[in-house]
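Derivation of every value follows stated rules applied to the coordinates shown; laboratory data play no part. In this text, all values refer to a predicted model and were calculated from it rather than measured experimentally. Don't worry about glycine lacking a Cβ; one is built from the backbone with ideal geometry, like all the others, and counts go over all protein chains shown.
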Amino acid sequence: MPKTHTARPLAIPAISTRLLLTAAGVAILLLALAYLVAFDQGALSRSGMYMHELMHDGRHLLGVPCH
Amino acid sequence: MPLKLSFGRLLIAGLLAGLIAGLLAGTFAYVAGEPRIDAAIAIEEQNTLAHGEAGGSEELVGRDTQKNVGLILATSLYGIAMGGFLATAYTLLRRRLRTGSDTRAAIGLAAAALTGIVLVPFFKYPPNPPAVGDPATINQRTLSYLAVLVLGLVAIWAGVLAARTQTHEWRRATAGLTGFLIVVTIAYALLPTTNEVPGTFPAALLWKFRIASLGTQTILWTVLGLAFAGLLNRLATSSARQTPATAEPATT
């Protein structure tokens, strides 16, 4: 049996107010990106229904309710 | 002291893992899912013609573009977003995950997400192909879907809390699963039931579409967890090399 090698755990940044604010900002951007794929009908993409129609098949296969 | 990682570097690892996961999930979806969507659209068009509605309206995006560009774009962007969430959750929760292994922590979080936001929603609101679903209820179905996603994550959280009340390993597993299932059962009972599959829709096609959808999402989260763990491992290896004085002796 080959010996299992576990990498030493990496040090994660300490939880600070600044980190929490950055994480909250990032989460809002990520939510917007997920919203663009899953639900947007032009309000966010500013492309009318183009992006919505383009990503139609992905939405169905990612399990998002659609029409 | 191992290298202290910034949130930025972890986030980039998550986004990159998400892109890889999205591309692979998209490839699977193209092979396993697109034939089902084509078949469902053919049924949809037949229905439209049979009802004498104004069919053949000008399409904004052609089928070929939807299949060849749109699908991969959708799964990639979705994968990137989920990768970002995984990296953010990892940064905020790593200290609370009681394992010394970053690999286990990363894959454990991805498995929790797969359970909470894919499997729990799947059995309450199984995904539907085109030609299934009443457009009049889309807002209500979207809200129910979002609710079941959130409740799936709450169920995971409840399971972890319940497991942590016990010390014996077998009791931990039993308490954790029980806590999880109690929340899922309550959520399933409270959320409205949707059944809009027309009686004439072929059962085999519906089944194959749903399996393709489940496969797409399972691949997305599995690859995401593995790729994120792999990238963390790379960061750990390179940080050990950058600080040779404190690096562990090579094990090879």
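General observations
- Stretchable slack from B:Thr27 to B:Thr48, in nm (0.36 nm times residue separation minus alpha-carbon distance): 4.5 nm
- Using only side-chain charges placed at the Cβ, +1 for Lys and Arg and -1 for Asp and Glu, the dipole size of the protein assembly as shown relative to its Cα centre rounds to 2000 debye.
- Charge sum, other residues only, whose C-beta stays under 11 Å from A:Gly58's C-beta, Lys/Arg counted +1 and Asp/Glu -1: 0
- Degrees between helix B:102-114 axis and first principal axis of chain B (Cα, 0 to 90, nearest 10): 20
- For segment B:173-222: rounded, prolate or oblate by the Cα gyration tensor [a/c cutoff 1.5]: oblate
- Helix B:7-28 vs. chain B, principal-axis angle (Cα, 0 to 90°, nearest 10): 40
- For segment B:70-188, the gyration tensor built on C-alpha atoms gives an oblate shape. Its axis ratio a/c (a ≥ b ≥ c) is at least 1.5, and a/b is not larger than b/c.
- When the helices of the protein assembly as shown are scored as -39500 (n - 2.57) per DSSP H run of n ≥ 4 and the total is divided over every residue, the value at 222 nm lands at -21500 deg cm²/dmol.
- Cα centre as origin, Lys/Arg/Asp/Glu Cβ charges: chain A dipole, Debye: 440
- Relative frequency of Cα-Cα separations exceeding 22 Å in segment B:1-101, percent: 52
- Shape call, segment B:135-196: gyration tensor on alpha carbons, a/c limit 1.5: prolate
- Ignoring lysines fewer than eight residues from B:Lys124 along the same chain, the ones with Cα atoms less than 20 angstrom from its Cα are B:Lys208.
- All lysines inside 30 Å of A:Lys3 as judged from Cα atoms, apart from same-chain residues fewer than 8 positions distant: B:Lys4
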